[in-house]
Amino acid sequence: MTTTDRCPVAFPLRRPGRPFPPREYADFRSADGLVRSTLPSGVPVWLVTRHEDVRTVLTDPRISSNPSHPGFPRAAKTGGVPSQDQVPGWFVALDPPEHGRFRKTLIPEFTVRRIREMRPAIQRIVDERIDALLAAGDTADLIADFALSVPSLVISDLLGVPHADRDFFEAKTRVLVTLTSTDEQRESATKALMRYLNRLITIKQRRPGDDLISRLLADGTISRQELTGVSMLLLIAGHETTANNIGLGVVTLLSNPRWIGDERAVEELLRYYSVADLVAFRVAVEDVEIGGQIIRAGEGIVPLVAAANHDGTVFDRPDEFDPERSARSHVAFGYGVHQCLGQNLVRVEMDIAYRTLFARIPTLELAVPVEELSLKYDGVLFGLHELPVRWSSTEE
Ligand code: HEM
(Lines give C-alpha, C1' and ligand atoms only; values in the text may rest on other atoms or scores of the structure.)
Protein backbone atom coordinates (compact mmCIF):
# COMPACT_ATOMS: atom_id res chain seq x y z
CA MET A 1 0.00 0.00 0.00
CA THR A 2 1.40 3.44 -0.87
CA THR A 3 0.36 7.04 -0.57
CA THR A 4 3.25 8.37 -2.63
CA ASP A 5 2.93 11.46 -4.76
CA ARG A 6 5.11 10.37 -7.66
CA CYS A 7 6.44 12.99 -10.05
CA PRO A 8 3.19 14.20 -11.65
CA VAL A 9 2.55 13.31 -15.27
CA ALA A 10 1.14 16.10 -17.45
CA PHE A 11 -2.12 15.22 -19.11
CA PRO A 12 -3.49 14.37 -21.62
CA LEU A 13 -0.78 12.15 -23.08
CA ARG A 14 -2.16 12.18 -26.60
CA ARG A 15 0.38 14.08 -28.67
CA PRO A 16 0.99 14.57 -32.39
CA GLY A 17 3.03 11.77 -33.92
CA ARG A 18 2.47 9.33 -31.03
CA PRO A 19 0.28 6.23 -30.99
CA PHE A 20 -3.01 6.09 -29.10
CA PRO A 21 -3.46 4.77 -26.45
CA PRO A 22 -0.19 6.33 -25.26
CA ARG A 23 2.64 3.89 -24.53
CA GLU A 24 2.91 5.30 -20.99
CA TYR A 25 -0.35 3.56 -20.08
CA ALA A 26 1.48 0.21 -20.03
CA ASP A 27 4.03 1.62 -17.54
CA PHE A 28 1.24 3.03 -15.39
CA ARG A 29 -0.56 -0.31 -15.31
CA SER A 30 2.54 -2.08 -14.06
CA ALA A 31 3.44 0.60 -11.47
CA ASP A 32 2.65 0.09 -7.79
CA GLY A 33 -0.49 1.91 -6.70
CA LEU A 34 -1.82 4.65 -8.97
CA VAL A 35 -0.15 7.45 -10.93
CA ARG A 36 -0.44 11.11 -9.97
CA SER A 37 -1.10 13.47 -12.86
CA THR A 38 -2.03 17.07 -13.54
CA LEU A 39 -4.92 17.94 -15.83
CA PRO A 40 -4.61 20.88 -18.27
CA SER A 41 -6.61 22.84 -15.67
CA GLY A 42 -3.68 22.41 -13.24
CA VAL A 43 -5.74 20.12 -11.00
CA PRO A 44 -3.92 17.03 -9.63
CA VAL A 45 -5.71 13.69 -10.11
CA TRP A 46 -5.11 9.97 -9.69
CA LEU A 47 -4.94 8.11 -13.00
CA VAL A 48 -6.46 4.65 -12.97
CA THR A 49 -5.28 2.36 -15.76
CA ARG A 50 -5.74 -1.31 -14.78
CA HIS A 51 -8.98 -2.91 -15.99
CA GLU A 52 -9.93 -4.20 -12.56
CA ASP A 53 -9.19 -0.86 -10.87
CA VAL A 54 -11.19 1.09 -13.47
CA ARG A 55 -14.21 -1.13 -12.82
CA THR A 56 -13.77 -0.68 -9.07
CA VAL A 57 -13.63 3.13 -9.36
CA LEU A 58 -16.76 3.14 -11.51
CA THR A 59 -18.74 1.07 -8.99
CA ASP A 60 -17.45 2.06 -5.52
CA PRO A 61 -20.13 4.06 -3.65
CA ARG A 62 -17.40 6.11 -1.91
CA ILE A 63 -16.50 7.57 -5.31
CA SER A 64 -18.82 10.19 -6.80
CA SER A 65 -19.73 11.56 -10.25
CA ASN A 66 -21.21 14.72 -8.74
CA PRO A 67 -19.18 17.89 -9.43
CA SER A 68 -20.66 19.67 -6.43
CA HIS A 69 -18.38 17.61 -4.14
CA PRO A 70 -15.21 19.48 -3.13
CA GLY A 71 -12.20 18.48 -5.20
CA PHE A 72 -14.15 17.27 -8.25
CA PRO A 73 -11.66 17.54 -11.14
CA ARG A 74 -12.07 19.69 -14.23
CA ALA A 75 -10.30 18.59 -17.40
CA ALA A 76 -9.81 22.00 -18.91
CA LYS A 77 -9.08 25.36 -17.29
CA THR A 78 -12.78 26.08 -17.54
CA GLY A 79 -15.94 24.06 -17.99
CA GLY A 80 -16.05 20.38 -17.18
CA VAL A 81 -18.97 18.42 -15.83
CA PRO A 82 -21.87 20.81 -15.13
CA SER A 83 -23.60 20.79 -11.74
CA GLN A 84 -27.39 20.53 -11.35
CA ASP A 85 -27.52 24.31 -10.65
CA GLN A 86 -25.97 24.96 -14.04
CA VAL A 87 -27.74 22.27 -16.05
CA PRO A 88 -30.60 20.57 -14.16
CA GLY A 89 -31.15 17.04 -15.43
CA TRP A 90 -27.51 16.44 -16.45
CA PHE A 91 -27.88 13.06 -14.78
CA VAL A 92 -24.45 11.60 -15.63
CA ALA A 93 -23.30 13.99 -12.88
CA LEU A 94 -25.61 12.53 -10.23
CA ASP A 95 -25.03 9.61 -7.87
CA PRO A 96 -27.53 6.99 -6.74
CA PRO A 97 -30.25 7.26 -5.58
CA GLU A 98 -31.02 10.58 -7.45
CA HIS A 99 -29.46 9.24 -10.65
CA GLY A 100 -31.78 6.20 -10.68
CA ARG A 101 -34.96 8.23 -11.37
CA PHE A 102 -33.51 9.46 -14.69
CA ARG A 103 -31.97 6.16 -15.63
CA LYS A 104 -35.15 4.15 -14.98
CA THR A 105 -37.25 6.58 -17.00
CA LEU A 106 -34.89 6.52 -19.97
CA ILE A 107 -33.90 2.84 -20.13
CA PRO A 108 -37.05 1.74 -22.05
CA GLU A 109 -36.05 4.14 -24.85
CA PHE A 110 -32.68 2.42 -25.36
CA THR A 111 -33.36 -1.31 -25.00
CA VAL A 112 -32.05 -3.71 -27.66
CA ARG A 113 -35.63 -4.20 -28.88
CA ARG A 114 -36.39 -0.46 -29.16
CA ILE A 115 -33.14 0.16 -31.00
CA ARG A 116 -33.83 -2.78 -33.34
CA GLU A 117 -37.09 -1.05 -34.25
CA MET A 118 -35.06 2.02 -35.21
CA ARG A 119 -32.96 0.06 -37.74
CA PRO A 120 -35.03 1.01 -40.83
CA ALA A 121 -34.91 4.71 -39.90
CA ILE A 122 -31.13 4.51 -39.29
CA GLN A 123 -30.66 2.66 -42.58
CA ARG A 124 -32.59 5.42 -44.36
CA ILE A 125 -30.40 8.12 -42.82
CA VAL A 126 -27.21 6.27 -43.79
CA ASP A 127 -28.47 5.70 -47.34
CA GLU A 128 -29.40 9.34 -47.75
CA ARG A 129 -25.96 10.46 -46.60
CA ILE A 130 -24.33 8.08 -49.08
CA ASP A 131 -26.66 9.31 -51.86
CA ALA A 132 -25.43 12.82 -51.07
CA LEU A 133 -21.76 11.71 -51.10
CA LEU A 134 -22.16 10.03 -54.48
CA ALA A 135 -24.09 12.95 -55.95
CA ALA A 136 -21.35 15.38 -54.89
CA GLY A 137 -18.52 13.66 -56.80
CA ASP A 138 -15.84 11.07 -56.11
CA THR A 139 -14.08 12.53 -53.06
CA ALA A 140 -15.26 13.50 -49.58
CA ASP A 141 -14.25 14.25 -46.04
CA LEU A 142 -15.90 11.25 -44.44
CA ILE A 143 -15.92 12.89 -40.98
CA ALA A 144 -17.82 16.05 -41.96
CA ASP A 145 -19.91 14.50 -44.72
CA PHE A 146 -20.82 11.17 -43.12
CA ALA A 147 -19.50 10.22 -39.66
CA LEU A 148 -20.71 13.39 -37.90
CA SER A 149 -24.02 13.62 -39.71
CA VAL A 150 -25.27 10.05 -39.18
CA PRO A 151 -25.33 10.07 -35.33
CA SER A 152 -26.55 13.63 -35.23
CA LEU A 153 -29.47 12.88 -37.55
CA VAL A 154 -30.29 9.70 -35.61
CA ILE A 155 -30.37 11.42 -32.22
CA SER A 156 -32.30 14.36 -33.69
CA ASP A 157 -34.95 11.95 -34.94
CA LEU A 158 -35.12 10.20 -31.59
CA LEU A 159 -35.47 13.45 -29.64
CA GLY A 160 -37.67 15.19 -32.20
CA VAL A 161 -35.12 17.92 -33.07
CA PRO A 162 -35.63 19.36 -36.58
CA HIS A 163 -32.82 18.30 -38.97
CA ALA A 164 -32.48 21.89 -40.13
CA ASP A 165 -31.02 22.85 -36.70
CA ARG A 166 -28.21 20.30 -36.84
CA ASP A 167 -25.43 22.75 -37.78
CA PHE A 168 -26.36 24.90 -34.81
CA PHE A 169 -26.08 22.21 -32.15
CA GLU A 170 -23.07 20.53 -33.76
CA ALA A 171 -21.16 23.81 -33.51
CA LYS A 172 -22.14 24.28 -29.85
CA THR A 173 -21.28 20.67 -28.96
CA ARG A 174 -17.82 21.10 -30.51
CA VAL A 175 -17.11 24.01 -28.15
CA LEU A 176 -18.08 21.90 -25.14
CA VAL A 177 -15.84 18.91 -25.98
CA THR A 178 -12.78 21.01 -26.92
CA LEU A 179 -10.27 21.33 -24.08
CA THR A 180 -9.00 24.70 -25.32
CA SER A 181 -12.40 26.45 -25.37
CA THR A 182 -12.53 29.52 -23.14
CA ASP A 183 -14.88 30.15 -20.22
CA GLU A 184 -16.93 32.57 -22.29
CA GLN A 185 -17.19 30.16 -25.23
CA ARG A 186 -18.39 27.32 -23.02
CA GLU A 187 -20.85 29.43 -21.13
CA SER A 188 -22.33 30.91 -24.26
CA ALA A 189 -22.55 27.47 -25.99
CA THR A 190 -24.29 25.97 -22.93
CA LYS A 191 -26.74 28.87 -22.67
CA ALA A 192 -27.51 28.81 -26.40
CA LEU A 193 -28.20 25.06 -26.30
CA MET A 194 -30.40 25.38 -23.22
CA ARG A 195 -32.37 28.26 -24.76
CA TYR A 196 -32.85 26.28 -27.95
CA LEU A 197 -34.01 23.13 -26.14
CA ASN A 198 -36.31 25.13 -23.86
CA ARG A 199 -38.04 26.56 -26.90
CA LEU A 200 -38.28 23.12 -28.47
CA ILE A 201 -39.80 21.63 -25.29
CA THR A 202 -42.39 24.41 -25.18
CA ILE A 203 -43.36 23.63 -28.77
CA LYS A 204 -43.69 19.94 -27.90
CA GLN A 205 -45.81 20.72 -24.86
CA ARG A 206 -48.28 22.40 -27.21
CA ARG A 207 -47.97 19.92 -30.05
CA PRO A 208 -46.63 16.53 -28.87
CA GLY A 209 -45.03 14.32 -31.51
CA ASP A 210 -43.81 10.74 -31.74
CA ASP A 211 -40.48 11.48 -30.10
CA LEU A 212 -38.58 11.04 -26.84
CA ILE A 213 -39.07 14.60 -25.57
CA SER A 214 -42.85 14.37 -26.06
CA ARG A 215 -42.95 10.96 -24.34
CA LEU A 216 -40.94 12.24 -21.35
CA LEU A 217 -43.24 15.27 -21.06
CA ALA A 218 -46.26 12.97 -21.00
CA ASP A 219 -44.62 10.64 -18.45
CA GLY A 220 -43.90 13.52 -16.04
CA THR A 221 -41.24 11.73 -13.92
CA ILE A 222 -38.65 14.17 -15.21
CA SER A 223 -39.60 17.81 -14.64
CA ARG A 224 -39.94 20.31 -17.47
CA GLN A 225 -36.78 22.07 -16.27
CA GLU A 226 -34.77 18.83 -15.96
CA LEU A 227 -35.86 17.80 -19.42
CA THR A 228 -33.66 20.54 -20.90
CA GLY A 229 -30.54 19.01 -19.32
CA VAL A 230 -31.58 15.45 -20.20
CA SER A 231 -32.11 16.42 -23.86
CA MET A 232 -28.82 18.31 -23.94
CA LEU A 233 -26.95 15.35 -22.46
CA LEU A 234 -28.42 12.98 -25.04
CA LEU A 235 -27.69 15.39 -27.87
CA ILE A 236 -24.06 15.82 -26.83
CA ALA A 237 -23.16 12.37 -25.45
CA GLY A 238 -23.96 10.45 -28.60
CA HIS A 239 -22.66 12.76 -31.26
CA GLU A 240 -18.90 13.08 -31.54
CA THR A 241 -18.31 9.83 -29.63
CA THR A 242 -20.14 7.82 -32.29
CA ALA A 243 -18.75 9.92 -35.16
CA ASN A 244 -15.17 9.35 -34.02
CA ASN A 245 -15.74 5.62 -33.78
CA ILE A 246 -17.30 5.49 -37.24
CA GLY A 247 -14.38 7.45 -38.75
CA LEU A 248 -11.61 5.47 -37.06
CA GLY A 249 -13.42 2.23 -37.85
CA VAL A 250 -13.53 3.03 -41.57
CA VAL A 251 -9.74 3.48 -41.58
CA THR A 252 -9.24 0.14 -39.82
CA LEU A 253 -11.71 -1.74 -42.01
CA LEU A 254 -10.10 -0.38 -45.19
CA SER A 255 -6.97 -2.30 -44.26
CA ASN A 256 -8.90 -5.25 -42.75
CA PRO A 257 -11.72 -5.70 -45.30
CA ARG A 258 -12.55 -9.27 -44.32
CA TRP A 259 -14.19 -7.91 -41.18
CA ILE A 260 -16.63 -5.63 -42.96
CA GLY A 261 -20.18 -6.64 -41.99
CA ASP A 262 -19.09 -8.77 -39.02
CA GLU A 263 -20.61 -7.55 -35.75
CA ARG A 264 -17.55 -8.73 -33.84
CA ALA A 265 -15.56 -6.03 -35.61
CA VAL A 266 -17.83 -3.35 -34.12
CA GLU A 267 -17.20 -4.57 -30.57
CA GLU A 268 -13.46 -4.83 -31.17
CA LEU A 269 -13.33 -1.33 -32.68
CA LEU A 270 -15.04 0.02 -29.57
CA ARG A 271 -12.41 -1.64 -27.39
CA TYR A 272 -9.47 -0.89 -29.65
CA TYR A 273 -10.10 2.86 -29.99
CA SER A 274 -11.85 3.61 -26.67
CA VAL A 275 -12.55 7.14 -27.88
CA ALA A 276 -14.10 8.31 -24.59
CA ASP A 277 -10.87 7.88 -22.63
CA LEU A 278 -11.13 11.20 -20.81
CA VAL A 279 -14.82 11.29 -20.05
CA ALA A 280 -15.49 9.63 -16.70
CA PHE A 281 -14.27 12.03 -14.01
CA ARG A 282 -14.76 11.19 -10.35
CA VAL A 283 -13.95 12.36 -6.83
CA ALA A 284 -13.50 10.34 -3.63
CA VAL A 285 -16.04 11.36 -0.98
CA GLU A 286 -14.40 9.13 1.66
CA ASP A 287 -10.88 7.76 1.94
CA VAL A 288 -10.70 4.70 -0.28
CA GLU A 289 -8.02 2.27 -1.39
CA ILE A 290 -7.84 1.47 -5.12
CA GLY A 291 -5.15 -0.77 -6.60
CA GLY A 292 -3.04 -0.51 -3.47
CA GLN A 293 -3.28 3.29 -3.40
CA ILE A 294 -4.93 5.33 -0.69
CA ILE A 295 -7.07 8.06 -2.22
CA ARG A 296 -8.13 10.72 0.26
CA ALA A 297 -11.62 12.21 0.39
CA GLY A 298 -11.68 15.23 -1.93
CA GLU A 299 -9.06 13.89 -4.37
CA GLY A 300 -9.94 13.65 -8.06
CA ILE A 301 -9.80 10.39 -10.00
CA VAL A 302 -9.68 9.76 -13.75
CA PRO A 303 -10.36 6.15 -14.76
CA LEU A 304 -8.84 5.82 -18.24
CA VAL A 305 -10.98 3.44 -20.25
CA ALA A 306 -8.47 3.18 -23.12
CA ALA A 307 -5.81 2.05 -20.64
CA ALA A 308 -8.19 -0.53 -19.15
CA ASN A 309 -9.15 -1.79 -22.59
CA HIS A 310 -5.49 -2.38 -23.46
CA ASP A 311 -4.72 -4.23 -20.23
CA GLY A 312 -2.84 -7.36 -21.30
CA THR A 313 -4.05 -9.31 -18.25
CA VAL A 314 -7.60 -9.14 -19.67
CA PHE A 315 -7.06 -8.90 -23.45
CA ASP A 316 -4.36 -10.97 -25.19
CA ARG A 317 -2.18 -8.91 -27.54
CA PRO A 318 -4.24 -5.83 -26.59
CA ASP A 319 -2.66 -3.51 -29.16
CA GLU A 320 -3.76 -5.71 -32.08
CA PHE A 321 -7.11 -5.29 -33.80
CA ASP A 322 -8.52 -8.80 -33.58
CA PRO A 323 -12.32 -9.17 -33.82
CA GLU A 324 -11.99 -12.90 -33.07
CA ARG A 325 -11.17 -12.16 -29.46
CA SER A 326 -14.00 -11.72 -27.01
CA ALA A 327 -13.99 -7.93 -26.53
CA ARG A 328 -17.26 -7.89 -24.56
CA SER A 329 -15.65 -7.12 -21.22
CA HIS A 330 -14.29 -3.81 -22.53
CA VAL A 331 -15.16 -0.64 -20.65
CA ALA A 332 -15.35 1.70 -23.66
CA PHE A 333 -18.88 2.55 -22.48
CA GLY A 334 -17.86 2.85 -18.84
CA TYR A 335 -19.12 0.45 -16.19
CA GLY A 336 -21.63 0.41 -13.34
CA VAL A 337 -24.64 2.70 -12.95
CA HIS A 338 -23.44 5.26 -15.50
CA GLN A 339 -22.58 2.72 -18.20
CA CYS A 340 -23.46 4.33 -21.52
CA LEU A 341 -27.19 4.54 -22.06
CA GLY A 342 -26.73 4.75 -25.83
CA GLN A 343 -24.55 1.66 -26.31
CA ASN A 344 -27.16 -0.44 -28.15
CA LEU A 345 -27.79 2.47 -30.47
CA VAL A 346 -24.05 2.95 -31.13
CA ARG A 347 -23.61 -0.71 -32.10
CA VAL A 348 -26.47 -0.54 -34.61
CA GLU A 349 -25.28 2.79 -36.06
CA MET A 350 -21.73 1.50 -36.54
CA ASP A 351 -22.92 -1.79 -38.01
CA ILE A 352 -25.26 -0.14 -40.54
CA ALA A 353 -22.74 2.60 -41.39
CA TYR A 354 -19.92 0.16 -42.24
CA ARG A 355 -22.05 -2.41 -44.06
CA THR A 356 -23.77 0.19 -46.22
CA LEU A 357 -20.75 2.37 -46.92
CA PHE A 358 -18.56 -0.49 -48.14
CA ALA A 359 -21.41 -2.20 -50.03
CA ARG A 360 -22.41 0.95 -51.90
CA ILE A 361 -18.90 2.32 -52.43
CA PRO A 362 -16.71 -0.78 -52.85
CA THR A 363 -13.80 1.19 -54.33
CA LEU A 364 -13.62 3.50 -51.28
CA GLU A 365 -10.02 4.33 -50.33
CA LEU A 366 -8.04 6.89 -48.35
CA ALA A 367 -7.11 9.98 -50.35
CA VAL A 368 -3.99 10.59 -48.20
CA PRO A 369 -1.46 8.19 -46.64
CA VAL A 370 -2.74 6.86 -43.30
CA GLU A 371 0.12 8.52 -41.40
CA GLU A 372 -1.03 11.94 -42.67
CA LEU A 373 -4.50 11.65 -41.12
CA SER A 374 -5.01 14.37 -38.54
CA LEU A 375 -5.84 13.01 -35.08
CA LYS A 376 -7.58 14.95 -32.32
CA TYR A 377 -5.34 16.07 -29.50
CA ASP A 378 -7.38 19.02 -28.26
CA GLY A 379 -10.51 17.33 -27.00
CA VAL A 380 -11.76 14.98 -24.33
CA LEU A 381 -12.46 12.46 -27.12
CA PHE A 382 -10.03 10.65 -29.39
CA GLY A 383 -10.78 10.76 -33.11
CA LEU A 384 -9.95 12.19 -36.52
CA HIS A 385 -10.40 15.82 -37.54
CA GLU A 386 -10.83 14.86 -41.19
CA LEU A 387 -10.95 11.67 -43.21
CA PRO A 388 -10.23 12.44 -46.89
CA VAL A 389 -11.45 9.57 -49.10
CA ARG A 390 -12.03 8.95 -52.81
CA TRP A 391 -13.68 6.33 -54.98
CA SER A 392 -14.08 5.42 -58.61
CA SER A 393 -16.50 7.82 -60.29
CA THR A 394 -18.34 4.96 -61.99
CA GLU A 395 -19.81 3.90 -58.60
CA GLU A 396 -23.55 2.90 -58.70
C1 HEM B 1 -19.09 5.26 -29.49
C2 HEM B 1 -19.98 6.01 -28.90
C3 HEM B 1 -20.07 6.24 -27.41
C4 HEM B 1 -19.13 6.05 -26.44
C5 HEM B 1 -17.70 5.51 -26.60
C6 HEM B 1 -19.74 6.43 -25.18
C7 HEM B 1 -19.10 6.36 -23.95
C8 HEM B 1 -19.71 6.63 -22.74
C9 HEM B 1 -19.07 6.50 -21.46
C10 HEM B 1 -17.62 6.08 -21.22
C11 HEM B 1 -19.99 6.81 -20.51
C12 HEM B 1 -19.80 6.76 -18.99
C13 HEM B 1 -19.51 8.11 -18.40
C14 HEM B 1 -19.27 8.06 -16.90
O15 HEM B 1 -19.22 6.98 -16.31
O16 HEM B 1 -19.08 9.13 -16.32
C17 HEM B 1 -21.22 7.16 -21.19
C18 HEM B 1 -22.39 7.56 -20.57
C19 HEM B 1 -23.49 8.00 -21.26
N20 HEM B 1 -23.72 7.93 -22.61
FE21 HEM B 1 -22.42 7.29 -24.02
N22 HEM B 1 -21.02 6.84 -25.41
C23 HEM B 1 -21.27 6.73 -26.77
C24 HEM B 1 -22.47 7.04 -27.42
C25 HEM B 1 -23.62 7.43 -26.82
C26 HEM B 1 -24.90 7.66 -27.48
C27 HEM B 1 -25.18 7.40 -28.96
C28 HEM B 1 -25.75 8.13 -26.54
C29 HEM B 1 -27.21 8.52 -26.61
C30 HEM B 1 -27.92 8.64 -27.60
C31 HEM B 1 -25.04 8.17 -25.28
C32 HEM B 1 -25.59 8.57 -24.09
C33 HEM B 1 -24.96 8.46 -22.86
C34 HEM B 1 -25.59 8.86 -21.62
C35 HEM B 1 -26.96 9.48 -21.45
C36 HEM B 1 -24.66 8.57 -20.61
C37 HEM B 1 -24.85 8.78 -19.11
C38 HEM B 1 -25.50 7.56 -18.53
C39 HEM B 1 -25.78 7.66 -17.03
O40 HEM B 1 -25.20 8.49 -16.34
O41 HEM B 1 -26.61 6.86 -16.56
N42 HEM B 1 -23.76 7.74 -25.49
N43 HEM B 1 -21.02 7.02 -22.56
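The values are calculated or read from the model by the stated rules, or taken from the named source; none is laboratory data. In this text, all values refer to a predicted model and were calculated from it rather than measured experimentally. Neighbour counts run over all protein chains shown; Cβ positions are idealised from the backbone, glycine included.
Structural remarks
- Number of positions in the stretch 343-381 that are touching a residue at least 40 places away in the same chain (Cβ under 8 Å), among the charged types (D, E, K, R) and not in a loop (DSSP other than H, G, I, E, B): 6
- Here residue 138 passes the criteria (1) under 30 Å from residue 221 (Cβ atoms); (2) in contact (Cβ under 8 Å) with a residue 40 or more places away in the chain except the one numbered (1).
- Counting residues in the stretch 32-51 that are part of a helix (DSSP H, G or I) and modelled with pLDDT of 95 or more gives one or more.
- Subset tally (residues that are over 16 Å from the mean Cα position of the chain (by Cα), under 14 Å from residue 321 (Cα atoms) and outside any helix (DSSP H, G or I)) for the stretch 242-274: 3
- There is at least one residue in the stretch 91-104 that is within 13 Å of the ligand (Cβ to nearest atom), in contact with a strand residue (DSSP E or B) (Cβ under 6 Å, 6 or more places away or on another chain) and closer than 19 Å to residue 302 by Cα.
- Odd one out for residue 14, checked against (1) at pLDDT below 85; (2) basic (Lys, Arg); (3) crowded, with 18+ Cβ neighbours inside 10 Å; (4) in contact with a Ser or Thr (Cβ under 8 Å, 6 or more places away or on another chain): (4)
- Residue satisfying condition, being away from the ligand (no atom under 14 Å from the Cβ), hydrophobic (A, V, I, L, M, F, W, C), modelled with pLDDT of 90 or more and within 30 Å of residue 133 (Cβ to Cβ), within set 159, 200, 212: 200
- Residue 230 vs. criteria of a type in the set (Val, Ile, Thr), within 16 Å of residue 87 (Cα to Cα) and at pLDDT 95 or above: yes
- Residues in the stretch 294-303 that are more than 15 Å from the ligand (Cβ to nearest atom) and either in contact with a Ser or Thr (Cβ under 6 Å, 6 or more places away or on another chain) or among the hydrophobic types (A, V, I, L, M, F, W, C) (or both): 294, 295, 297.
- Considering residues of the stretch 335-368 that are within 7 Å of the ligand (Cβ to nearest atom) and among the β-branched types (Val, Ile, Thr) only, the residue surrounded by the fewest Cβ atoms within 10 Å (Cβ to Cβ): 337
- Looking across the stretch 52-79 at every residue that is in contact with a Leu (Cβ under 9 Å, 6 or more places away or on another chain) and assigned to a loop (DSSP other than H, G, I, E, B), the one that is nearest to the ligand (Cβ to nearest atom) is identified as 65.
Rundown of residues vs (1) more than 14 Å from the ligand (Cβ to nearest atom); (2) over 20 Å from residue 367 (Cα atoms); (3) out of contact with any Lys or Arg (no Cβ under 7 Å at 6 or more places or on another chain), yes/no style:
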{"position": "116", "(1), (2), (3)": "yes, yes, yes"}
{"position": "119", "(1), (2), (3)": "yes, yes, yes"}
{"position": "128", "(1), (2), (3)": "yes, yes, yes"}
{"position": "140", "(1), (2), (3)": "yes, no, yes"}
{"position": "154", "(1), (2), (3)": "no, yes, yes"}
{"position": "165", "(1), (2), (3)": "yes, yes, yes"}
{"position": "171", "(1), (2), (3)": "yes, yes, yes"}
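- Checking 227, 233 one by one, the residue that is aliphatic (A, V, I, L, M), within 17 Å of the chain's Cα centre (by Cα) and in a helix (DSSP H, G or I) is 233 and no other.
- Residue in the stretch 372-387 that is of a type in the set (Asp, Glu), within 15 Å of residue 245 (Cα to Cα) and away from the ligand (no atom under 16 Å from the Cβ) present: yes
The rows are residues; the columns are (1) closer than 19 Å to residue 73 by Cβ; (2) touching a residue at least 12 places away in the same chain (Cβ under 8 Å); (3) part of a loop (DSSP other than H, G, I, E, B); (4) touching a strand residue (DSSP E or B) at 6+ places or on another chain (Cβ under 7 Å).
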| residue | (1), (2), (3), (4) |
| --- | --- |
| 276 | yes, yes, yes, no |
| 302 | yes, yes, no, yes |
| 313 | no, yes, yes, no |
| 317 | no, no, yes, no |
| 328 | no, yes, yes, no |
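- Residues (modelled with pLDDT of 95 or more, small (Gly, Ala, Ser) and buried (at least 16 other Cβ atoms within 10 Å of the Cβ)) located in the stretch 316-334: 332, 334
- Qualifying positions in the stretch 279-290 - within 15 Å of the ligand (Cβ to nearest atom) and out of contact with any strand residue (DSSP E or B) (no Cβ under 7 Å at 6 or more places or on another chain): 279
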